[in-house]
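The values are calculated or read from the model by the stated rules, or taken from the named source; none is laboratory data. Here the structure is a predicted model, which is why all the values come from computation and not from measurement. Here the Cβ is made from the backbone with ideal geometry for all residues, glycine too, and neighbour counts use every protein chain on show. Accessible surface is based on the protein model in full, side chains and every heavy atom, while ligands, DNA and RNA are left aside. Shrake-Rupley method; radii C 1.70, N 1.55, O 1.52, S 1.80 Å.
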Amino acid sequence: METQDLRTLRILEKVDNGYSPSQRDLARDLNISLGLVNSFIKSLSHKGYVKVTTISRKRIQYILTPKGMAEKSRLTYRYIQSSYQYYRHARQKLQKLFRDLETQGVQNVVFHGASDLAEIAFLSLRETGNDLVAVVDDRNSGKKLLGHDIINSQELAHVSFDRIVITEDGTRDLLLDRLLTSGIPRDKIVFIL
């Protein structure tokens, strides 16, 4: 699903949830600039998806129109389709990856990144003889994922593993540099997608 469609869906959801968010609230919730929110609102209003009414001199209310509800439903359906395709594609790649690793004699695997991809990877991993021995994620250290305590990068030095499977959404090159700098051999690092 394209970024613009996803942002449109999220704005329509926020407008439809029963409270009247300000553009500043929308910008913060969607992590986009105030100017971009303003542009989206104008576009949605022009298309007839959102009705803009003035409550007071400094307050505007956004109301989802029937046409806006239909667009929200259409975008929600597309989002679900896109998510399902992502899941199927990831499962296929992960199943092949873990079968290949198992064939190479790999047993102990670390996931680097506590993400949705890590959860999908865990399902595929369980279909093989490989074991998940740790989940590394500096932002979520101390929490749990899939029954494992999430550790930080420094704790990785105390974990015995055969491969690190990158399940993080971050920048690939930056993460690779960090892992190589910390002394992990390149042949122990596996990228999925």
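Specify the residue that is farthest from K188 (Cα to Cα); the eligible residues are those in the stretch 90-103 that are open to solvent by 100 Å² or more (accessible area, probe 1.4 Å) and not basic (K, R).
Step one: of the stretch 90-103, the residues open to solvent by 100 Å² or more (accessible area, probe 1.4 Å) are 92, 96, 99, 103.
If we keep only those that are not basic (K, R) too, we end up with 92, 103.
On the way: Q92: 21, T103: 15 Å.
Only one residue fits best here, namely Q92.
Within the stretch 20-52, the set of residues being among the polar types (S, T, N, Q), outside any helix (DSSP H, G or I) and touching a residue at least 12 places away in the same chain (Cβ under 8 Å) comprises S20, S22.
Can we say A121 is in contact with an Asp or Glu (Cβ under 9 Å, 6 or more places away or on another chain) and open to solvent by less than 40 Å² (accessible area, probe 1.4 Å)? Judged against the criteria, A121 is not a match. Looking at I164 and the list (1) of a type in the set (A, V, I, L, M, F, W, C); (2) farther than 24 Å from K96 by Cβ; (3) at pLDDT 90 or above; (4) open to solvent by less than 20 Å² (accessible area, probe 1.4 Å), which single condition is not satisfied? Only one criterion in (1) of a type in the set (A, V, I, L, M, F, W, C); (2) farther than 24 Å from K96 by Cβ; (3) at pLDDT 90 or above; (4) open to solvent by less than 20 Å² (accessible area, probe 1.4 Å) is unmet by I164, namely (2). If you go through the stretch 60-88 and keep only what is touching a residue at least 24 places away in the same chain (Cβ under 8 Å), open to solvent by 90 Å² or more (accessible area, probe 1.4 Å) and of a type outside the set (S, T, Y), you end up with just M69. I55 satisfies every condition listed in (1) hydrophobic (A, V, I, L, M, F, W, C); (2) within 15 Å of L9 (Cα to Cα); (3) in contact (Cβ under 8 Å) with a residue 12 or more places away in the chain; (4) open to solvent by 70 Å² or more (accessible area, probe 1.4 Å) except (2). Of the candidates V50, V110, V106, the single residue that is among the hydrophobic types (A, V, I, L, M, F, W, C), under 30 Å from P21 (Cα atoms) and open to solvent by less than 30 Å² (accessible area, probe 1.4 Å) is V50.
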